[in-house]
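Derivation of every value follows stated rules applied to the coordinates shown; laboratory data play no part. If you're wondering where the values come from, they're calculated on a predicted model, not measured in any experiment. No Cβ is skipped: glycine too gets one built from the backbone with ideal geometry, and neighbour counts run over all protein chains shown.
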Amino acid sequence: MPEELAAALAASADRLGPFTPSRFRWFSETGSTNDLAAALADAGGEEGSVVAADRQTAGRGRLGRHWVSPPGAGIYMSAVLRPGPDAARLLTLAAGVAVADGIAAGSGLRTDVKWPNDVHVGGRKVAGILAEGAAAHVVVGIGINVSPAAYPPEVAVRATSIENELGRPVDRWLVLAECLAALASRYAQLQRGEGGALLAAWRERAGAMIGRTVEWTDGDTVRRGTACDIAADGALLVRASDAIVRIVSGEVRWP
Ligand code: BTN
């Protein structure tokens, strides 16, 4: 692994919880770090194992989308966790808060979280989370755009990067280490049964989302409402036609 990455992990080792540097695996190129981490978990890999790559050739986002992962321009990593069912339910939201906090600690950039799995700056996406579960483990995949890159036009219009927002270079390894440290801390909070505190932290970072119009698909119908809160189980609560609707999965759009 790059020396600077090893140094950044060593410097924050006492805050990494289960993500000890000895459980960190680095690849210069892979298909998807989520696939590697899932294979590792299936083979009995320890909780806290992390797989990261400089480049992904088959990076995946939610709903089967491609996650563009050019070399050297982002953070592409996946962590193996073994939470209980309660903690697993809120893990995507916990990872979103952790990534927002890790980006702030490692670069100074302030971001917002957006249900269910996005980290945004001024309406453009800077990071996303893909949590994929099996009975015995959850793989938390984190993709962060660090440097401006030649994204395809359909991605470029709605994406941004930390460096693009700040107008200066940032230390990619410091951001990575800070995100892992923040994830360790939020995961510990969930494991202690403090889901309420996690949701409060999420709400604090979701100010830009509450009160906004949201669209979702219900069968064949596109419905529209106003995002008003998040439920104790992580569902998005939307006011639509005088009723509160719970959205638990699927695609939501923020027109
Ligand atoms: C999304 O916003 O739809 C989620 C994007 C998640 C991308 C990350 S990059 C590291 C990990 N490996 C993958 O193939 N996907 C996740």
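Looking at region 24-82, which trypsin sites (Lys or Arg not before Pro) are in a loop (DSSP not H, G, I, E or B) and have at most 15 other Cβ atoms within 10 Å? Here the sparse-neighbourhood loop sites are Arg65. Measuring spread by the Cα atoms of region 114-255 yields a radius of gyration and Dmax of 16.7, 48 Å. Loop-located trypsin sites (Lys or Arg not before Pro) in region 107-162 (DSSP state not H, G, I, E or B) with no more than 13 neighbouring Cβ atoms inside 10 Å: Arg110, Arg158.
In summary, the helical segments of the chain meeting the span-like criteria, namely a full DSSP H run, a Cα extent along the axis of 20 angstrom or more and a mean Kyte-Doolittle hydropathy of at least 0.5, are 91-107, 172-191. Residues in region 55-65 carry Karplus couplings, in order, of 8, 10, 9, 9, x, 10, x, 5, 6, x, 6 Hz; the curve used is 6.51 cos²θ - 1.76 cosθ + 1.60 with θ = phi - 60°, and Gly or Pro positions show x.
Provide the gained length on full extension for the span Ala231 to Val155, in nm with one decimal, where the gain is 0.36 nm per separating residue minus the Cα-Cα distance. Could you put the intermediate results ahead of the total?
Values: separation 76, 0.36 × 76 = 27.36 nm, distance 3.04 nm.
Result: 24.3 nm gained on full extension.
Place a point 7 Å from Cα of Ala6 in the direction of its Cβ. Which residues in region 21-45 have their backbone N less than 16 Å from it? Correct set: 21-28.
Taking H placed 1.01 Å from N in the peptide plane, check which residues at least 5 places from Val214 or on another chain put their amide H under 5 Å from its amide H. Residues meeting the criterion, in which the H sits 1.01 Å from N, are Gly225, Thr226, Ala227.
Tell me, in nm to one decimal, what length is gained between Thr221 and Ala88 on full extension, where the rule is 0.36 nm per residue of separation less the Cα-Cα distance? Before the final figure, lay out each step's value.
Details: separation 133, 0.36 × 133 = 47.88 nm, distance 3.00 nm.
In short, 44.9 nm is gained.
Cβ crowding within 10 Å, taken as a proxy for footprinting-reagent exposure, orders Leu190, Leu176, Leu166 from fewest neighbours to most as Leu166, Leu190, Leu176. Put simply, the Cα atoms of region 42-123 extend 39, 31, 27 Å along their principal axes, the longest span coming first.
What residues have an amide H closer than 5 Å to that of Arg25, excluding those fewer than 5 places away on the same chain, when H is modeled at 1.01 Å from N in the peptide plane? So Arg25 has HN proximity to Val50, Val51, Ala52.
Show me the three semi-axes of the equivalent ellipsoid for the chain, from the C-alpha gyration tensor (sqrt of 5 times each eigenvalue), largest first, rounded to whole Å. Kindly include the intermediate steps, with their values, before the conclusion.
Values: eigenvalues 155, 88, 60 Å².
Square roots of five times the eigenvalues give 28, 21, 17 Å.
Considering only C-alpha atoms, what is the centroid distance from region 43-94 to region 141-174, in Å? About 17 Å separates the Cα centre of region 43-94 from the one of region 141-174.
When the chain is modelled as a GNM with alpha-carbon springs shorter than 10 Å, which of Asp101, Asp218, Asp118 fluctuates the most? Evaluated over the chain, the most mobile residue of the options is Asp218. Starting from the Cα of Leu166, step 7 Å toward the Cβ, then list every residue of region 84-118 with an amide N under 16 Å from that point. Within reach of a label on Leu166: 99-112. Direction-averaged projected area, Cα convex hull, region 92-178: 6.0 nm², rounded to one decimal. Computed over the chain, the per-residue total of -39500 (n - 2.57) for DSSP H runs of n ≥ 4 gives a 222 nm mean residue ellipticity of -9000 deg cm²/dmol, rounded to 500.
Coupling constants for region 211-218 follow from the phi torsions by the Karplus curve (6.51 cos²θ - 1.76 cosθ + 1.60, θ = phi - 60°), and in residue order they are x, 8, 6, 10, 10, 8, 9, 10 Hz; glycine and proline get x.
Database remark: amide H of Gly141 closer than 5 angstrom to the amide H of Ala79, Leu130, Ala131, Glu132 (H placed geometrically; neighbours at sequence offset of 5 or more, or on other chains; Pro and chain starts carry no H).
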